[in-house]
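Just below is one structure, and these are the notes that go with it.
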Amino acid sequence: MYAIVDIETTGGYAARNRICEIAIILHDGEKVVKEYQSLINPERHIPPQLSAIHGINDQMVEEAPKFYEEAKTIHELLEGNIFVAHSVNFDYSFVKAAFQDLGYELKLKKLCTVRLSRKIFPGLKSYSLGNICENRGIKINDRHRAFGDAIATAELFTQLVQHDKEEVIKKSLKNNAAVANVPENLDRKVYEELPESAGVYYFLNAKNQIIYVGKAKNIKKRVSSHFGGSKLEVAKQAFQSQIHHIDYYLTGNELIALLHESHEIRKNWPRYNRAQKNNSPGYSIHLYEDRQGYKRLQLGRKQAGMQNLMRFPNHASGFSFLTEASKKLKICPKFAGIQSSPGACFDYSLNLCEGACTGEESIAQHNEKIQGFIDYCTSEKSDYLLMGAGRTIEEKAFVLVEEGYYKGFGFYNQEEAIEQWGDFRNYLIQYPDHPEIYKILSSEHATKNYRKIKKEAFLKRKESV
């Protein structure tokens, strides 16, 4: 038996709103066998903008039964039957939440007449209840009221059964338990064919625009987590309703998935991605010379006209590097840009500074220390590869960094000979450098399955062979 349900509510999502009207039509697969309808006192104010849609106001529900008073009847109509609705996740989330408030967990198989209509009656411009009913010659009496919409949905369901030559309903019920909340506008087959491999996935809307980018060790498992949960919050509900297709890019491992995801988010600016929508240039240690000829260091945003010695994703990491290196080289903290004062630096009074800030240390001596700092930065920006597993057993993946700058990643077959350092560029997929990348490359978790190979070590190894 099919229980065809339609509800009217006080708001758009179940977590904070309630049912104010419900209708249930029992259908045996051929015809309607029982009807039920009732206003429900939601025990809260019905916003005027919702009243304008369904016509139900506070006065109309003031003497209506509360949900718990109708719960037994509603439960008897639903229990053991298949829950059917137009955009089923919406109606089901409200009914489920109402029973949860009473301490009962509703667990029913579901069918969505939107999804069924897309497969059985393909090619419509819109699959709203009004448009489908108009297309199928179904008259809706009392539109946007629970009983009127439920009766129309029941008639639509009768036609769906009659025209279901490919057993779409049977197949939908078979797959129902595996993934219960696949969005109504998404073809379940697209979900079922997703790979269980590492990579980046994309949610696309009806206009084929990317609205969300994510990374995963297991794409299919991660995608399914977006559709789970017992209650659909407003943001999640709006998000799911816009998912019409899923695309993906296989990376073979999590590190490259992280790098590619970061690039794709900044490139496409998907509506539902919050993290990494940051085109900040990060922070840099700059070199400049004052009027006396002393070379000075400064940590700040990247600036034109100043020599950039080292880049960092944030101020904290840059300040830590600058402090540690300047102490090691005994550079005056004032001239290193760590302290600011009109006279001598604080370290001078503690005999920790050799006096560049007072003129006691000569320009030549101080600038020699700065050159040592420059050399230290250069050594930290060595060329290296991160080598890891590829997308297949035969394949290797690599990430290339040269002179401290991220160049991109690539894949090559292990049978292919890599004789020279430059050979890696034949397989390199180039990507723009960005401070966000350094957070990923400096993460022990992200790089734990990768082997770091410095250019010098690679060249020595090849020479010895």
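The values are calculated or read from the model by the stated rules, or taken from the named source; none is laboratory data. Computed from a predicted model, the values in this text were never measured in an experiment. Neighbour counts run over all protein chains shown; Cβ positions are idealised from the backbone, glycine included. Note: accessible area is taken over every heavy atom of the protein model, side chains too, but ligands, DNA and RNA are not part of it. Shrake-Rupley method; radii C 1.70, N 1.55, O 1.52, S 1.80 Å.
Numbers at a glance
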{"read-out": "Apportionment of accessible area to carbon and sulfur, region 316-465, percent (1.4 Å)", "value": "49 percent"}
{"read-out": "Carbon/sulfur fraction of accessible area - region 101-184, other protein chains in place, 1.4 Å, %", "value": "47 percent"}
{"read-out": "Karplus 3J(HN,Hα) series, Hz, for region 252-267 with 6.51 cos²θ - 1.76 cosθ + 1.60 (x for Gly, Pro)", "value": "x, 7, 6, 4, 5, 4, 5, 5, 5, 4, 4, 5, 5, 5, 5, 6"}
{"read-out": "1.4 Å probe accessible area per residue over the chain, in Å²", "value": "50 Å²"}
{"read-out": "Percent carbon-and-sulfur accessible area, region 8-78, ignoring ligands, DNA and RNA, probe 1.4 Å", "value": "48 percent"}
{"read-out": "Nearest-0.05 FRET efficiency for Lys454 and Glu360, computed from C-beta distance (R0 45 Å)", "value": "0.65"}
{"read-out": "In region 75-171, trypsin sites (Lys or Arg not before Pro) in a DSSP loop with at most 11 other beta-carbon atoms within 10 Å", "value": "Lys107, Lys125, Lys139, Lys165"}
{"read-out": "Approximate shape of region 119-209 as ellipsoid semi-axes (Cα gyration tensor, √5λ), whole Å, largest first", "value": "29, 17, 13"}
{"read-out": "Note, ³J(HN,Hα) from phi for region 393-398, Karplus 6.51, -1.76, 1.60, rounded to Hz, x at Gly and Pro", "value": "4, 7, 9, 10, 10, 9"}
{"read-out": "Where Ser224, Ser117, Ser320 fall by accessible area, highest first, once all protein chains stay in place (1.4 Å)", "value": "Ser320, Ser224, Ser117"}
{"read-out": "For the chain, calculated [θ]222 nm from helices alone, where every DSSP H run of n ≥ 4 adds -39500 (n - 2.57)", "value": "-10500 deg cm²/dmol"}
{"read-out": "Globularity index of region 297-444, i.e. its alpha-carbon radius of gyration over 2.2 N^0.38 Å", "value": "1.38"}
{"read-out": "Neighbourhood net charge (9 Å Cβ-Cβ; Lys/Arg +1, Asp/Glu -1) for Glu21", "value": "-1"}
{"read-out": "Theoretical gain in end-to-end length, Thr392 to Asn351 [0.36 nm per residue, Cα-Cα removed]", "value": "8.7 nm"}
{"read-out": "For region 82-173, the spread of Cα positions along each principal axis, largest first, Å", "value": "42, 33, 20"}
{"read-out": "Greater than 18 Å apart at Cα, pairs in Lys221/Lys439; Lys110/Lys221; Lys407/Lys439; Lys109/Lys217; Lys119/Lys139; Lys396/Lys452", "value": "Lys221/Lys439; Lys110/Lys221; Lys109/Lys217; Lys119/Lys139"}
{"read-out": "Estimated FRET transfer efficiency (Glu105, Lys381; beta-carbon r; R0 56 Å; 0.05)", "value": "0.45"}
{"read-out": "Selection of GluC sites (Glu not before Pro), region 54-157, meeting DSSP coil and at most 13 other Cβ within 10 Å", "value": "Glu62, Glu63, Glu79, Glu105"}
{"read-out": "Where GluC sites (Glu not before Pro) fall in DSSP loop in region 353-401, at most 11 other Cβ within 10 Å", "value": "Glu394"}
